[in-house]
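The values are calculated or read from the model by the stated rules, or taken from the named source; none is laboratory data. Just so we're clear, the structure is a prediction, and the values are computed from it rather than from any experiment. When we count neighbours, we look across all protein chains shown, and the Cβ atoms used for this are built from the backbone with ideal geometry, even at glycine. Each accessible area value is taken on the protein alone, full model and side chains, heavy atoms only, with ligands, DNA and RNA left out. Shrake-Rupley method; radii C 1.70, N 1.55, O 1.52, S 1.80 Å.
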Amino acid sequence: MKIGILGGGQLARMLALAGYPLGLQFVVLDPSADACAAQVASLIQADYDDENALKQLADEVDLVTFEFENVPAASLAFLKDNCPVYPPPAALQIAQDRLQEKNMFCKLNIPVPEFRDVQSKHDLQQAVAEIGLPAVLKTRSMGYDGKGQIVLKSSEDIEPAWQTLGGQLLILEAMVAFDREVSIIGARNRQGDTVFYPLSENLHHQGILHCARCLGSDDLQVLAEGYIKSIFSEMDYVGVLALELFVVNGQLLANEIAPRVHNSGHWTIEGAQISQFENHLRAVIDWPLGNTDPVEFAAMVNFIGAMPEARDIIQLTDVHLHHYHKAPRPGRKIGHATVRKRSSEDLAEAVDTLLRIAPVVKD
């Protein structure tokens, strides 16, 4: 079987690496000639809205999936007329619009931070008056890794923020004084079977995920699974989906969804019985879903902007290096390491060591 992937970044690369042992082949469509997934998959170099290239992709593969949210929803709709597409294009459309996403959460009775639609400076001023400060002004679309958002700390921040982001569809969200950030990753196949990974606790650096640690067992696991199950049903979802959440006083507030394999689940490559990447492939093909149990205590550390020396990483016990072969650039995720230990204490020590070694090159 041959699977097409819109996007040729590290997530597509890891999908291909998970799929080859299963006898699967891959074709990626990406605008970049040096897309890192092209090292392990055939590449169609073209813009995501190039209908000739999309038709070529559909003709070459049995089904199509995607690796990130910023591919045009119209491209998936075009592909769907020519071959099966999973996850469903409607899921991508919702994930691309923070207001639609928040409205879906509210419809499903999933708690969220207070928010307002902002279409004018007057809307922004009114939203600030209703929600209060601090708050976060965000673009409704095309935001990831902390991009497209500005924190408003005082009324003096309103005008500069509007000058920067005004003219786009915006949303104002209350700033959440969270205890921790977590995410849950689940998979659903075409038959409606589901599996869920343990919650991950996530640490960010300037809006970019820096470390994700599998919690193994957490009192909020059942609640988080209930939320993601309702999202699966609402969307008639197929594939892996991540739900990012804030923990506030023992309760969960939904932040956003990612209708794809997710950075906070990279620990599953060596740390779970079956990785999120393999389970995504199983789900979209409609094979039986795999065991999501952790093997031991596991975590992941991202390398942002620059790679450490390989020998500094591989000399560490129970640490696995993943180099994406992407050009270093400030704020860019270009690799990660996973850690697997027999105790939470050993895991914490290993993660601290990795965080000291791992460079972070800022924008």
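Summing charges over all other residues whose Cβ lies under 12 Å from the Cβ of Pro288, with Lys and Arg as +1 and Asp and Glu as -1, gives -1.
In the set (1) 14; (2) 11; (3) 21, which value of percent of Cα pairs over 40 Å apart was calculated from the structure you see? Of the labelled values, this structure produces (2).
Please give the calculated 222 nm ellipticity per residue for the chain, where each DSSP H segment of at least 4 residues contributes -39500 (n - 2.57) and the sum is spread over every residue; nearest 500 deg cm²/dmol? Kindly include the intermediate steps, with their values, before the conclusion.
Numbers: 12 runs with 112 residues, N = 363.
After summing the helix terms and dividing by the residues of the chain, the value is -9000 deg cm²/dmol.
Per atom type, the range 250-295 shows carbon and sulfur on 41% of its accessible surface, probed at 1.4 Å.
With distances taken between every two different alpha-carbon atoms, the range 256-350 has a Kirkwood hydrodynamic radius of 14.5 Å. Taking all protein chains as shown and a probe of 1.4 angstrom, Asp47 keeps an accessible surface of around 90 Å². The residues Tyr20, Tyr237, Tyr86, sorted by heavy-atom accessible surface at 1.4 Å with ligands and nucleic acids left out, run Tyr20, Tyr86, Tyr237 from largest to smallest. In order along the range 279-294, phi translates into HN-Hα couplings of 5, 5, 5, 4, 5, 6, 7, 6, 8, x, 6, x, 5, 9, 5, x Hz, rounded to whole numbers, per the Karplus curve 6.51 cos²θ - 1.76 cosθ + 1.60 with θ = phi - 60° and x for Gly and Pro. Estimated at the nearest 10 Å², the accessible area of Phe297 is 90 Å² with a 1.4 Å probe.
Within the full protein context, the accessible area of Ser42 is estimated at about 70 Å² for a probe radius of 1.4 Å.
Centroid-to-centroid, using Cα positions, the range 270-328 and the range 232-253 are 21 Å apart.
Would you mind giving the three semi-axes, in whole Å and largest first, of the ellipsoid equivalent to the range 183-235 according to its Cα gyration tensor?
On the way: eigenvalues 109, 35, 19 Å².
Equivalent ellipsoid semi-axes, largest first: 23, 13, 10 Å.
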